[in-house]
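S.K.: Structure below; questions to follow.
The values are calculated or read from the model by the stated rules, or taken from the named source; none is laboratory data. All values derive from a computational prediction rather than experimental measurement. Virtual Cβ from ideal backbone geometry, glycine too; neighbours counted across all protein chains shown. SASA here: full protein model, heavy atoms, side chains in, ligands and nucleic acids out. Shrake-Rupley method; radii C 1.70, N 1.55, O 1.52, S 1.80 Å.
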Amino acid sequence: MSLLKGKIKIIDQYIIGKYLGTFIYTLAIFVIIIVVFDLSEKMDDFMKSGLSFWGILSKYYAGSIPFYVNMLSPLINFIAVIFFTAKMADQTEIVPILSGGVSFNRFLLPYFVSATVIFAANLGSNLYVLPYTNTLKNSFENTYVKRNDPSTKTNIHMKLDDKTYIYIESFDNKTNYGYRFSLDNFNGDVLVKKIVADNIKWDSTKRKWQLSNYSIRKIDGLKESMIYGNGKLKDTILDMRPDDFSAYANVVQNLSTSELADKIRKEKVRGTGIMNDLEFEQYKRFLHPLSAYILTLIGVALSSRKVRGGVGVSLGIGIFISFAYIVFNQFTQMFSTKGGLPPVIAVISPTIAFGLLGIYLLKRAPK
């Protein structure tokens, strides 16, 4: 019995090593290929930016490589499992393991240990790493790659709280400069203060808004007072940030987990129409890493049987299923952000659908 347990531990170590080794190696190859194609596509933009090689590396690829790793992780995870498991089946390594008294569920244990490592890495990356690296990547793209894209948002109406409403005629995301600003403050249905300014600018050093050529009208029943600041500047604190007026769709990816939760809380009051985008991003960060378990289950159940045609057949089927999973995710995201599908349903439905597929394939797997 002790000899059998010792052999099982060796087999566990062998599978974990093969799983993680194949995953890391394949992921590195794919990332290198994508970076080469991305470099050739954006070379003109890099040349026009005037940045040095180190500037491009630190300002763009330091952010884009983690993005590519996260994007490719489910696909590479699936391919890695199918490749080395199908190879084990083709070399008749799985049959002796199962014939030696090891149940198929026990055979799955080292796979799920490895999947847990990938799950933890993806979850930690989603919550703590990607918001920072996405900021580097998206800031570079918005400045140098999408330089001809509109950076100005117009006719902005926003409710800051139950009493305060603001309007900005136009806001430039590149300069953090707004034109024709007004603020209305109410007590119930009664207007008690109105601020009007020709310009409003975000001061990143003071972390305050700066008004220029402003006027402040205060109303107390029948009494009114006016304060004019023609040619003057006034610092003011408002519960809003420049990214609240961003014309770029990728700004949600830049938010840290705490900033995202805070923005969702504020959006419930403001109602600017981006709630689905915010909630989809929040649920995605927590739930998408579960794909490590689902795709591992499908991969093992699909490739653990020796088939005519060898590894290529299992690998081809696996690639087809993994792309179907990615396409399914993209469709649910589109229906959530554009069609009104609840974000939690949009995020979890691919996991549930492919989880059921994994359970079905598990029942048909060799025992």
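S.K.: I'm checking my understanding of the structure. Among residues of the range 174-193 that are loosely packed, with under 15 Cβ neighbours inside 10 Å and among the β-branched types (Val, Ile, Thr), which one is farthest from Leu238 (Cα to Cα)?
M.R.: Val190
S.K.: Return the residues of the range 277-294 that are within 12 Å of Lys263 (Cα to Cα) and open to solvent by less than 40 Å² (accessible area, probe 1.4 Å); say none if nothing qualifies.
M.R.: Answer for the range 277-294, where residues must be within 12 Å of Lys263 (Cα to Cα) and open to solvent by less than 40 Å² (accessible area, probe 1.4 Å): Leu278, Glu281.
S.K.: Select from the range 311-336 the residues that are under 30 Å from Gly273 (Cα atoms), open to solvent by less than 40 Å² (accessible area, probe 1.4 Å) and not small (Gly, Ala, Ser) and list them in ascending order.
M.R.: Within the range 311-336, Tyr325, Asn329, Thr332 meet the criteria.
S.K.: For Ile156, state whether it is part of a strand (DSSP E or B) and in contact (Cβ under 8 Å) with a residue 60 or more places away in the chain.
M.R.: In short, yes.
S.K.: Oh, and also: Read through the list (1) assigned to a helix (DSSP H, G or I); (2) in contact with a helix residue (DSSP H, G or I) (Cβ under 6 Å, 6 or more places away or on another chain); (3) not hydroxyl-bearing (Ser, Thr, Tyr), then give the number of the only condition that Phe320 fails.
M.R.: Result: Phe320 fails condition (2) only.
S.K.: In the range 48-62, which residue that is of a type in the set (A, V, I, L, M) and part of a helix (DSSP H, G or I) is nearest to the chain's Cα centre (by Cα)?
M.R.: Step one: of the range 48-62, the residues of a type in the set (A, V, I, L, M) are 51, 56-57, 62.
Retained after the next criterion (residues that are part of a helix (DSSP H, G or I)): 56-57, 62.
Details: Ile56: 22, Leu57: 21, Ala62: 16 Å.
Only one residue fits best here, namely Ala62.
S.K.: Could you please tell me which pairs satisfy a Cβ distance under 6 Å, a separation of 6+ or placement on different chains, a first residue in the range 171-189 that is at negative phi, and a second residue that is surrounded by fewer than 16 Cβ atoms within 10 Å (Cβ to Cβ) and part of a loop (DSSP other than H, G, I, E, B)?
M.R.: Here the result reads Asn185/Lys163; Phe186/Lys163, each pair linking the range 171-189 to a residue that is surrounded by fewer than 16 Cβ atoms within 10 Å (Cβ to Cβ) and part of a loop (DSSP other than H, G, I, E, B).
S.K.: Shifting gears a bit: Show the residue pairs that are 6+ apart or on different chains and have beta-carbon atoms under 6 Å apart, the first residue being within the range 90-119 and in contact (Cβ under 8 Å) with a residue 40 or more places away in the chain, the second being surrounded by fewer than 16 Cβ atoms within 10 Å (Cβ to Cβ) and basic (Lys, Arg).
M.R.: Phe104/Lys367
S.K.: Looking only at the range 205-240, count every residue that is within 14 Å of Ile195 (Cβ to Cβ), among the aliphatic types (A, V, I, L, M) and surrounded by fewer than 14 Cβ atoms within 10 Å (Cβ to Cβ) and tell me the total.
M.R.: Looking only at that region, the number is 3.
S.K.: May I pose another question? Every residue in the range 124-153 that is over 17 Å from the mean Cα position of the chain (by Cα) and either modelled with pLDDT of 90 or more or loosely packed, with under 13 Cβ neighbours inside 10 Å (or both), please.
M.R.: Asn148, Asp149, Pro150
S.K.: Continuing with the same structure: Please tell me if Ile82 is buried (at least 20 other Cβ atoms within 10 Å of the Cβ) and touching a residue at least 24 places away in the same chain (Cβ under 8 Å).
M.R.: yes
S.K.: From Trp202, Trp209, grab the single residue that is in contact (Cβ under 8 Å) with a residue 40 or more places away in the chain and of a type in the set (A, V, I, L, M, F, W, C).
M.R.: Values: Trp209 fails: in contact (Cβ under 8 Å) with a residue 40 or more places away in the chain.
Just one listed residue meets the conditions, Trp202.
S.K.: Further, regarding this structure: Pick from the range 8-51 the residues that are more than 23 Å from Leu297 (Cα to Cα) and among the basic types (Lys, Arg): which of them is most open to solvent (accessible area, probe 1.4 Å)?
M.R.: Ranking the candidates gives Lys48 first.
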